[in-house]
Amino acid sequence: MSGPELPPAAPTGGPEPVTVRALVARGSGAELRVERVRLPVPGPGELRVRITAAGVCHSDLSMVNGTLAARFPLVLGHEATGVVAEAGPNTRLAVGTPVALNWAPACRACWWCLRDEPWLCAANTAPTVARGETDDGIRLHLTLGLGALAEAVVVPENAVIAIPAGLPPEQAALLGCAVLTGVGAVGNTARVAPGESVAVIGLGGVGLAVLTAARRAGATTILAVDVAEAKRELALAAGATDFLLSDDRLSREVRGRTEGRGVDHAFECVGRATTIRAAWRLTRRGGAVTVVGMGAKDDMVSLGALDIFHSARTLRSSVYGSSDPDREVPELARAALDGTLDLSPLVSGVVSLDEAPAAFDRLARGEGARWVVSLD
Ligand code: APR
Ligand code: ZN
């Protein structure tokens, strides 16, 4: 006996998980591949953002080359712009809002957030966060909770910052990492004053953003330092007054340009003990070293005890530009729109997602400023 025929399953009407193309590393040192990945439906307080452009940052490379502890399979990318495509329950941003992503979203409730240091929010400790899955059903991990080298991301709303429309996507993409980090290191952490002297070691997207910010802050001697001679033109375009090669003559060259004293501020934008030491040596007595680069935990810096006392230098780091991204990213976008902040020297070229692995190779070789992946 057969029972009554069941009606066809009622359509749930609810949103479906979305499958998108993304740049994935299957393991440390593994070749990067474009894969299809499944994003979850945005839950309460979450948004799906369609990515239009994402930068290739050294921190992504550090996730795959073993410098930072990552989990795999891993979607790369954490510096991106896009448009809100779908809003989960209890969210504020409307579908269609242009946004930048924030890789250190502040909880606004922890001890650090409450003392107005949201860049140190206690909720942000893991370099990767598990969310979504690969096309073959394996749990995915996302770089800095974003995994933004993808056609879309699903993230908590506090990782999404509304920005004014109108910036070229390849420039807007850089606001949430290189630009905020560089501008914040100069303005918030080091507080560079007009007339001061600055040295910047390491001229990738981050170091070039520091140069741009130092010029904007009114520094008059801005020395750009790199191992690659090819960075000279990029550095001068970004605001450096001089380019110096990072070799054994460097300290002498810097002293020759600072009346024998050394610079007021040195910025380390490589992420290595040797360049932190170099930054220390280039700085005048009483000056400040700001470490912007993110190095490996076993790369030890050694300083003499007497030197620390006698030099009276300050050594500190700048995490995410000591900034409040929710306030400062929109300000930076407006400055870029009104022409008071020129981001064009930071972008070396725009490539497709299929070309992103080659852009990582260029980054590893120290070629160019920032390579930006267009996902439109
Ligand atoms: N001395 C001077 N410059 C160096 C040295 C050195 N010993 N070693 C490398 N460099 C230069 C490279 O030639 C390159 O121009 O440092 C630059 C690094 O640039 P990118 O690889 O583009 O790195 P970027 O994305 O700018 O990030 C820099 O900041 O956020 C952190 O994790 C990131 O630690 C990384 C740093
Ligand atoms: Zn970055």
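Quote the Stokes-Einstein diffusion coefficient, in whole µm² s⁻¹, for the chain, based on the Kirkwood radius over alpha carbon pairs, a temperature of 20 °C and a viscosity of 1.002 mPa s.
100
Determine the gain in length on full extension of the stretch Asp136-Val83; use 0.36 nm per residue of separation and subtract their C-alpha separation, reporting nm with one decimal. Don't skip to the end; give the middle numbers.
Working: separation 53, 0.36 × 53 = 19.08 nm, distance 2.77 nm.
In short, 16.3 nm is gained.
Kindly provide the Kirkwood hydrodynamic radius of segment 151-202 in Å, to one decimal, from all pairs of distinct alpha carbon atoms. Provide the component values of the computation, followed by the final result.
Values: mean 1/r = 0.0727 Å⁻¹.
That comes to 13.8 Å for segment 151-202.
Counting residues in segment 33-127 as N, plug N into 2.2 N^0.38 Å and put the Cα Rg over that result.
Rg over 2.2 N^0.38 Å, computed on Cα atoms: 1.22.
What accessible area, in Å² to the nearest ten, does a 1.4 Å probe give for Thr258?
10
In whole Å, what three semi-axes, largest first, describe the equivalent ellipsoid of segment 254-376 built from its Cα gyration tensor (square root of 5 times each eigenvalue)?
Each semi-axis is √(5λ); the values are 33, 20, 15 Å.
Evaluate the distance, in nm, between pseudo-label points positioned 7 Å from the Cα of Phe72 and of Val301 along their respective Cα→Cβ axes.
Simple spin-label model gives 3.0 nm for this pair.
How much of Arg249 can a 1.4 Å solvent probe reach, expressed as accessible area in Å² and rounded to 10?
Rounded to the nearest 10, the figure is 110 Å².
Any idea of the accessible area per residue across segment 178-321, 1.4 Å probe, to the nearest Å²?
For segment 178-321, the per-residue accessible area is 43 Å².
Sequence-distant or interchain residues sharing an amide H contact under 5 Å with Thr52, placed H: which?
Thr81, Gly82, Val83
Relative to the present Cα-Cα distance, how much length would full extension add between Asn90 and Arg21 at 0.36 nm per residue of separation?
22.1 nm
Once neighbouring chains are kept in place and the probe is 1.4 Å, which whole percent of the accessible area of segment 1-146 is contributed by carbon and sulfur? Working shown, then result.
On the way: 4040 of 7260 Å².
C and S atoms contribute 56 percent here.
Kindly provide the Kirkwood hydrodynamic radius of segment 311-376 in Å, to one decimal, from all pairs of distinct alpha carbon atoms.
14.8
In nm², what is the average projected area of the convex hull enclosing the Cα atoms of segment 237-280?
Mean shadow area of the hull around the Cα atoms is 3.5 nm².
Is the shape of segment 178-321 best called rounded, prolate or oblate, per the rule: a/c under 1.5 gives rounded, else a/b larger than b/c gives prolate, else oblate, with a ≥ b ≥ c the square roots of the Cα gyration tensor eigenvalues?
Taking the square roots of the gyration eigenvalues as a ≥ b ≥ c, segment 178-321 is rounded.
What does the charge count near Ile201 come to, summing +1 for each Lys or Arg and -1 for each Asp or Glu among other residues with Cβ under 14 Å from its Cβ?
With Lys, Arg at +1 and Asp, Glu at -1, the net is -1.
Do any trypsin sites (Lys or Arg not before Pro) in segment 80-182 lie in a DSSP loop with no more than 15 other beta carbon atoms within 10 Å, and if so, which?
Sites meeting the loop and neighbour criteria: Arg92, Arg108, Arg115.
What whole number of Å gives the distance from the Cα centroid of segment 165-213 to the Cα centroid of segment 68-135?
Centre-to-centre distance over Cα atoms comes out at 21 Å.
For the chain, what does -39500 (n - 2.57) per DSSP helix run (n ≥ 4), summed and divided by total residues, give at 222 nm, in deg cm²/dmol to the nearest 500?
After summing the helix terms and dividing by the residues of the chain, the value is -6000 deg cm²/dmol.
Suppose we flag GluC sites (Glu not before Pro) only when DSSP calls them loop and at most 11 other Cβ atoms lie within 10 Å. Which is the longest uninterrupted stretch of the chain? Spell out each step's value before the answer.
On the way: sites that count: Glu5, Glu31, Glu259.
The segment 32-258 is the longest one with no such site.
How far apart, in nanometres, would the label points at Ala273 and Asp242 be if each is projected 7 angstrom from Cα along the Cα-to-Cβ direction?
Those two pseudo-labels are separated by 3.0 nm.
Suppose R0 equals 30 Å; then what is the FRET efficiency for Ser28 and Ala335 from their Cβ-Cβ distance, rounded to the nearest 0.05?
0.20
The values are calculated or read from the model by the stated rules, or taken from the named source; none is laboratory data. Being a predicted model, the structure only gives us computed values, none of them experimental. Counting neighbours? That spans all protein chains shown, and the Cβs are built from the backbone with ideal geometry, glycine included. All accessible areas refer to the heavy atoms of the entire protein, side chains included, with ligands and DNA or RNA removed. Shrake-Rupley method; radii C 1.70, N 1.55, O 1.52, S 1.80 Å.
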